[in-house]
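This report refers to the structure that appears directly beneath it.
The values are calculated or read from the model by the stated rules, or taken from the named source; none is laboratory data. In this text, all values refer to a predicted model and were calculated from it rather than measured experimentally. Cβ placement follows ideal geometry from the backbone for every residue including glycine, while neighbour counts extend to all protein chains displayed. With ligands, DNA and RNA removed, areas are computed over all heavy atoms of the protein, side chains included. Shrake-Rupley method; radii C 1.70, N 1.55, O 1.52, S 1.80 Å.
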Amino acid sequence: MKLKILIVDDSIVYRKALYEASSKTNFCDEIKSISSGELALEWLENKSADIVLLDLNMPGMSGMEVLKKIKLIHPEIEVIMISASDEKETDNVINALYYGAYDFIFKPDSGDIDSNIIKIRDTLKILFLSIVQVKTRNVNQVSSTNVLSRKNKINNMEHKPEFNNPDLVLIACSTGGPVALETIFKNININLKFPILVVQHMPEGFTLSLSNSLNHKCFLEICEAKDNQIIEKNKVYIAKGGYHMELFARDNHAYIILNKEPTANGLRPSADKLFSSVADTYSGKNILAIILTGMGTDSLEGIIKLKKICNCYCITQSENTSLVYGMPRAVESEGLSDEVLDLNEIPKKIVEFNNKG
């Protein structure tokens, strides 16, 4: 599938860079660049696009305003926000994700133009591939195939002990994760008997805005994790962007470690790193692992280790409610998912496990 791309940026330099980077992905059939949000909306009245690359900060109509109008009038169009790598923009980027942006990329703030175009191209290739997979998905065909496959895998799995009373809940997500996390946490309005640790793939700075936003909207106490912090029941800890989050035990307490060790699968934070450390720290304990929307296979190796060392019950988000069915698919295809749930059913399941404890 070839994509029709619309680039919206008031800077001629970035329009040219985005145009060249997009063309070099080999995913594009047509590319159009426009200098303002107003002109972009006029253009979309008579033309079509699969993806809009939209500058967040523009004079006149802002990128946020344009995003809202695109998702209202043209909900089938995926919008990738283009943001300066500036901490002042983090809240706006998080809000853009809530309003329906597919993902975001940074404008390079240093380096020569050729190397920057290559960096943008490499990022866009991953996003474009993911969007192509979403747009070509045949939900009915895939779902019926998955149901049969899932039943066969479950029938072949060894008998597992009944799962109740989790000691810890783990959540992993990437693209589409902020909206999924809000859906889950806004629908949990009781005190929980366990802590929740979250890995959301985001750069440094953005996870603080995400955790603050969620904490403001939700009943649960939600924070960005801090180094050497004791984890407590009824609290949610989101891994700090740019850092791995792991656990270690001391004096009958579990503590968070943040570190800048090498990336795992190109990611930091990595769910695999967290899950592996949880398996070591919570050996033999009840662990509820939830794999939400996102690209790639992060969490797969961690789930394998958790299944070997802990009593791990794994829930994967359903394909039809995942923005990107990469991470859940990786776990489910290996027969490691104990239950596949639509997103709105996941908070109910967490509450159910809490009440059984």
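Points to keep in mind about this one:
- For the listed peptides 53-59, 292-298, 25-31, a ranking on the average number of other beta carbons within 10 Å per residue, highest first, reads 292-298, 53-59, 25-31.
- The separation of the stretch 39-78 from the stretch 286-343, counted between C-alpha centres, amounts to 34 Å.
- Here's the picture: charge each Lys and Arg Cβ at +1 and each Asp and Glu Cβ at -1 in the chain, and of Asn355, Ile171, Ile77 the one pushed furthest to the positive end of that dipole is Asn355.
- Nonpolar atom fraction for the chain, defined as the carbon and sulfur part of the 1.4 Å probe accessible area, stands at 48 percent.
- For the chain, built as a Gaussian network whose Cα springs stay under 10 Å, the top-fluctuating residue of Ile105, Ile222, Ile190: Ile190
- Convex hull (Cα only) mean projected area of the stretch 157-269, reported in nm² to one decimal: 8.7
- Working ranking of peptides 248-255, 207-214, 32-39 by packing, defined as the average number of other Cβ atoms within 10 Å per residue, highest first, is 207-214, 32-39, 248-255.
- Inverse of mean 1/r across different Cα pairs in the chain, Kirkwood, Å: 21.2
- Taking Cα centre as origin and charging only the Cβ of basic (Lys, Arg, +1) and acidic (Asp, Glu, -1) residues, the dipole magnitude of the stretch 180-271 rounds to 180 debye.
- Where the chain is the region considered: accessible area per residue in Å², 1.4 Å probe: 45
- Computed across the stretch 232-357, the Kirkwood radius stands at 15.2 Å (inverse of mean 1/r, all Cα pairs).
- Sorted peptide list for 330-339, 307-316, criterion being average Cβ within 10 angstrom, highest first: 307-316, 330-339
- Estimated dipole of the chain in Debye, rounded to 20 [Cβ of Lys and Arg +1, of Asp and Glu -1, Cα centre]: 800
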